[in-house]
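Everything below concerns the one structure shown next.
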Amino acid sequence: MLKNTYDDTTIDYLVPFRILGYYRFHCIIGLVVKECIPEMQEQINSAIKILAKKYGNVHPFLKHQNAFEFIIAVILSAQTTDNLVNKVTPDLFSRFPDPETLANAKIEDVARIIKSINYYKTKARNIIQTAQILNIKFQGKVPDNMDDLLSLPGVGRKVANVILSDYYKKPQGFVVDTHIKRVSYRLGWTKHTNPEKIERDLIHIIPKKYWTSLPKQLIALGREYCHPKNPDCSHCPLTDVCQKNLLITTKKLNEYTY
Ligand code: SF4
């Protein structure tokens, strides 16, 4: 009868070949990685230069006069367009111009002003609580460090990164919003869809001196060319350095519609 399993006494004459195969496999992977990383870094550097030339110094899209207005606008902007937020904030800030007045506001009053944006009830509660904490814990000032920002209701890493890089110009991470998720995935800068993992990838491959300017340039590109559906690749300035285009012959288009 043929033996189809190995027991302890079986001599495996194939072991040397298996070891050889293992090393060959890893050598090949090593060579590929060694070749790919510098090539990828070149593509990233080219993209950074092209975006800087095309968009230059992009100002934050959300209107604001000070750090308080900015953090409130950024909290409101989750799952909502900046245009919609810019429509409600003038009224909101004229009624509640500082943390003290907003901390004492009624949820119904705030909700009525911001009701055209998504999740307005939750956001009304979050911005009032944030104003209360700013008053009690931070003397009415918006903190300029990640840990304190993350302690505020409605503030996750994205909001905190936006405040630190766009307002304080002290980036501690890379902003990952819905546009940056999509564009960086298509460019081949990440294979992840989770914002925190994407941020880790971007921090690793993008020099820190670009962490303030590049996110806004990528967002501008996402709005102008790299739409969620039917990206305008033929006019996009990154078409020659985009993995979506470079791999399009071997990968299915719908793998890149994320
Ligand atoms: S080439 Fe196309 S997929 Fe790539 S970044 Fe530009 S618009 Fe997006």
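The values are calculated or read from the model by the stated rules, or taken from the named source; none is laboratory data. Everything numeric here is computed off the predicted structure, so don't read it as measured data. All Cβ positions, even for glycine, are placed from backbone atoms using ideal geometry, and neighbour counts span all protein chains on display.
Structural remarks
Residues checked against (1) under 23 Å from Asp166 (Cα atoms); (2) of a type in the set (Lys, Arg); (3) touching a Gly at 6+ places or on another chain (Cβ under 9 Å):
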residue	(1), (2), (3)
Val58	yes, no, no
Ala67	yes, no, no
Thr80	yes, no, no
Asn86	yes, no, no
Thr101	no, no, no
Lys115	no, yes, no
Lys123	yes, yes, yes
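- Residue ID - modelled with the highest pLDDT, chosen from residues in segment 223-256 that are touching a Gly at 6+ places or on another chain (Cβ under 8 Å) and assigned to a helix (DSSP H, G or I): Gln243
- Count - residues of segment 154-184 that are among the hydroxyl-bearing types (Ser, Thr, Tyr), crowded, with 21+ Cβ neighbours inside 10 Å and in contact (Cβ under 8 Å) with a residue 40 or more places away in the chain: 1
- Any hit, segment 180-192, residues being part of a helix (DSSP H, G or I) and more than 13 Å from the ligand (Cβ to nearest atom): no
- Taking first residues from segment 70-98 that are among the aromatic types (Phe, Trp, Tyr) and partners that are in a helix (DSSP H, G or I), the Cβ contacts under 7 Å between residues at least 6 apart in sequence or on separate chains come to Phe70/Ile163; Phe70/Tyr167; Phe93/Glu69; Phe96/Leu102.
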